[in-house]
Amino acid sequence: MSVEIGLIEQIQSTRGRLKPTLQAVADTILARPAQSSSMNLKELAAACNVSEASISRFVREIGLSSFRAFQLRMAEERASSDDDAPTGQGSIYESIGRGDTAATILTKVAHRNADVARACLSTLDPAALENAARMIREAPALYFFAAGLSALAAENALMRFSRIGMPAILHRDRNSQLLTATAVRAGSVAIAISDSGRTHQTVLALTAARDAGARTIAITSFAESTLARVAEVVLITPTGYSAAGDEPLYESMVSKFGQLLTIDVLYSLVAVQNYDSALASVCRGDAYIRQSRR
């Protein structure tokens, strides 16, 4: 399936398989996309502390024919971003500002969700999903750690995996998360969710769970984040901001859509691989859910 995604998402998804020198180039561009787009070859090489030849190799690794093609793509995406950005005193949600109407807001949110879904096809690695599913199938219990709106993805996971008969645990309170992490059952799987991979509470909980004998999965937008370095398996979701930048304070649900999609894919994969027992569990639950809706 051929899916067109943004250049930043392409760099993000390609980074993990690059050699260290080229990873340094990717990190610089992801951290400073606006500045990188205006640099010439010599300036970008200096900013990345690599040779000009390394920049040329990086450009080819991400599927572009030349540095000029890279500059054009970066300029196009920056112009598109500028066109979408609201004028005036900033935005209150993604690219939505004072002058937007119901029609333009609907269009922007719908298109942004679609963009994130398409980007997941590139950032999520099927092999990593298979490894995560295998770990989950073999685990006696699942523990979820997340904060803010990332906790909504964790709550979705709690419901999903409970439906197919897998013991799943999530505490909203940060202290309860930490206490739970230190007392996980050996062999259990701890799953931590954070866009930035820098949320201290979530990183600390996953670290504590790992030290207590749990296997670990991270769902994050940055493969080299602190959270990713703690985890055995990392599932990469698309991001809407740079690794060295600030996560939007308003935490839009659009930016969390990749997390929800990842949970749904992971749940579905586990259910399909344990099809008979998962279906039996769903049917048992359905009988009682129907009674609750009378």
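Yes/no matrix, rows are residues, columns are (1) hydroxyl-bearing (Ser, Thr, Tyr); (2) surrounded by fewer than 21 Cβ atoms within 10 Å (Cβ to Cβ); (3) in contact with an Asp or Glu (Cβ under 9 Å, 6 or more places away or on another chain); (4) not in a loop (DSSP other than H, G, I, E, B):
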{"site": "ALA128", "(1), (2), (3), (4)": "no, yes, no, yes"}
{"site": "ILE136", "(1), (2), (3), (4)": "no, no, no, yes"}
{"site": "PHE144", "(1), (2), (3), (4)": "no, no, yes, yes"}
{"site": "ALA153", "(1), (2), (3), (4)": "no, no, no, yes"}
{"site": "MET159", "(1), (2), (3), (4)": "no, yes, no, yes"}
{"site": "ARG172", "(1), (2), (3), (4)": "no, yes, yes, no"}
{"site": "ASN175", "(1), (2), (3), (4)": "no, yes, no, yes"}
{"site": "ALA181", "(1), (2), (3), (4)": "no, no, yes, yes"}
Legend entry - Count of residues meeting criterion [modelled with pLDDT of 80 or more and outside any helix (DSSP H, G or I)] in region 1-46: 6
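Results for (1) in contact with an Asp or Glu (Cβ under 9 Å, 6 or more places away or on another chain); (2) surrounded by 15 or more Cβ atoms within 10 Å (Cβ to Cβ); (3) modelled with pLDDT under 90; (4) of a type in the set (A, V, I, L, M, F, W, C), shown as yes or no for each residue.
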position: VAL189; (1), (2), (3), (4): yes, yes, no, yes
position: ARG210; (1), (2), (3), (4): yes, yes, no, no
position: ARG229; (1), (2), (3), (4): no, no, no, no
position: ARG293; (1), (2), (3), (4): no, no, yes, no
Legend entry - Any hit, region 172-185, residues being without any contact (Cβ under 8 Å) to a residue 60 or more places away in the chain, closer than 15 Å to GLN259 by Cβ and not assigned by TED's automatic domain parsing to the domain that holds ALA114: no
Legend entry - Candidate set from region 11-35 (those that are touching a Cys at 6+ places or on another chain (Cβ under 9 Å) and not hydrophobic (A, V, I, L, M, F, W, C)); member that is nearest to ASP125 (Cα to Cα): ASP27
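The values are calculated or read from the model by the stated rules, or taken from the named source; none is laboratory data. None of the values given here were measured: they were computed from a predicted structure. Glycine gets a Cβ as well: all are built from the backbone with ideal geometry, and neighbour counts include every protein chain shown.
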